[in-house]
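Before any comments, here is the structure.
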Amino acid sequence: MDVNIRENIERVKERIAFACNKVGRSPNEIKIVGATKTVPAEKIREAIKAGIKIIGENRVQEAERKIYELRDENVEWHMIGYLQKNKVNKALRLFKMIQSVSSLDLAKKINNSCEREGMKMPCLIEVNVGREPTKAGFLEEELFENLEELIKLPNLEIKGLMAIPPFLEPEEVRPYFKKLREIMEKINDMKISGIQLKELSMGMSHDFEVAIEEGATMVRIGTAIFGPRE
């Protein structure tokens, strides 16, 4: 199937602008993360040429291959899928941000690996807003229980929160986006020294307008840019 990636990106930008206009936000506040699980390198290159500046990958091994193939491109790579602890060392070398810090154990592993490498890693904390047993991420109460420990990890730069809510109709998913925003506001209201969360990574191809209306700063877009997955 022939997919016009450049046209698709323009349409996504129009949809972002429309959603922002509804709630008095600027489209400049929204970062598009091209979600490229199973998307071949040549299609990703097209998206980069058409203006996509952040690429999100779900699997370390798949990302490693594509990052090598696209090493001449000026683009940020983010880890947006479940990160296994045994893949952390490799992930640190590949990604500019880990959006899916889904447990305290994983956070500690990233911190310790960063310490050995003499680096810091920008991260988002993944929250399981739908309380789905099949999904990774902190439950809300777990996040607040572990917040002090998370903040004390010196090599993690916690920039915000991320969520993959239940796959529902856009309006039905709104309460989950709202919940993530409220959790972030609650953490910021605590005025904890050294932490100010700004990023909310939420919303995908079918529901990103609603996510933007509820405060998303990053939207992870796959199908709406690259067409249906093969």
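At 7 Å along the Cα-to-beta-carbon direction for both Y82 and Q196, put a label point, then send me their distance in nm to one decimal.
Once both label points are built, they end up 3.6 nm from each other.
Tell me which of A17, V33, V60 sits at the most positive position along the dipole axis of segment 1-77, charges placed on C-beta atoms (Lys, Arg +1; Asp, Glu -1).
A17
At 222 nm, what helix-only mean residue ellipticity would the chain give, in deg cm²/dmol to the nearest 500, using -39500 (n - 2.57) for each DSSP H run of four or more?
Numbers: 9 runs with 102 residues, N = 230.
Estimated from H runs of four or more residues: -13500 deg cm²/dmol.
Quick one: putting +1 on the C-beta of Lys and Arg, -1 on the C-beta of Asp and Glu, what dipole do you get for the chain around its Cα centre, in Debye to the nearest 20? Each step should come with its number before you reach the end.
On the way: 38 positive and 38 negative charges, 128 e Å.
The calculation lands at about 620 debye.
How many angstrom lie between the Cα centre of segment 108-162 and the Cα centre of segment 1-77?
Result: 25 Å between the Cα centres.
Taking H as built 1.01 Å from N, whose amide H comes closer than 5 Å to the amide H of E199, not counting residues under 5 places away?
When sequence neighbours closer than 5 places are left aside, the close amide H contacts are G160, L161.
List, in order, the whole-Hz ³J(HN,Hα) value for each residue of segment 196-211 obtained from phi through the Karplus relation with A = 6.51, B = -1.76, C = 1.60 and θ = phi - 60°; use x for Gly and Pro.
Per residue, the Karplus-derived 3J(HN,Hα) values read 9, 7, 10, 9, 10, 9, 7, x, 10, 3, 8, 9, 5, 4, 5, 4 Hz.
What do you get for trypsin sites (Lys or Arg not before Pro) in segment 140-230 restricted to DSSP loop and a cutoff of at most 15 other Cβ within 10 Å of the site's Cβ? Intermediate values should be presented prior to the final figure.
On the way: sites: K152, K159, K178, K179, R181, K186, K191, K198, R220, R229; in loops: K191, K198, R229.
Within segment 140-230, the qualifying trypsin sites (Lys or Arg not before Pro) (loop, at most 15 other Cβ atoms within 10 Å) are K191, K198, R229.
Of the cross-linked pairs K87/K152; K85/K135; K49/K87; K152/K198; K13/K186; K43/K135, which ones have a Cα-Cα span greater than 27 Å in the structure shown? Can you show the working numbers first?
Working: K87/K152 23 Å; K85/K135 16 Å; K49/K87 30 Å; K152/K198 18 Å; K13/K186 30 Å; K43/K135 29 Å.
In this structure, K49/K87; K13/K186; K43/K135 exceed 27 Å between Cα atoms.
If I model a spin label at N74 and K186 as a point 7 Å from the Cα along the Cα→Cβ vector, what separation in nanometres do I get?
About 4.2 nm separates the two model spin labels.
Considering the values (1) 18.4; (2) 23.9; (3) 17.9, which represents Kirkwood radius over Cα pairs in Å as calculated for the structure under consideration?
Derived directly from the coordinates: (3).
Throughout, read-outs are computed from the coordinates displayed, never taken from laboratory work. The shown structure was predicted, so the numbers you read here are calculated from the model rather than taken from an experiment. FYI the Cβ positions are ideal-geometry reconstructions off the backbone, even for glycines, and counts take in every protein chain you see.
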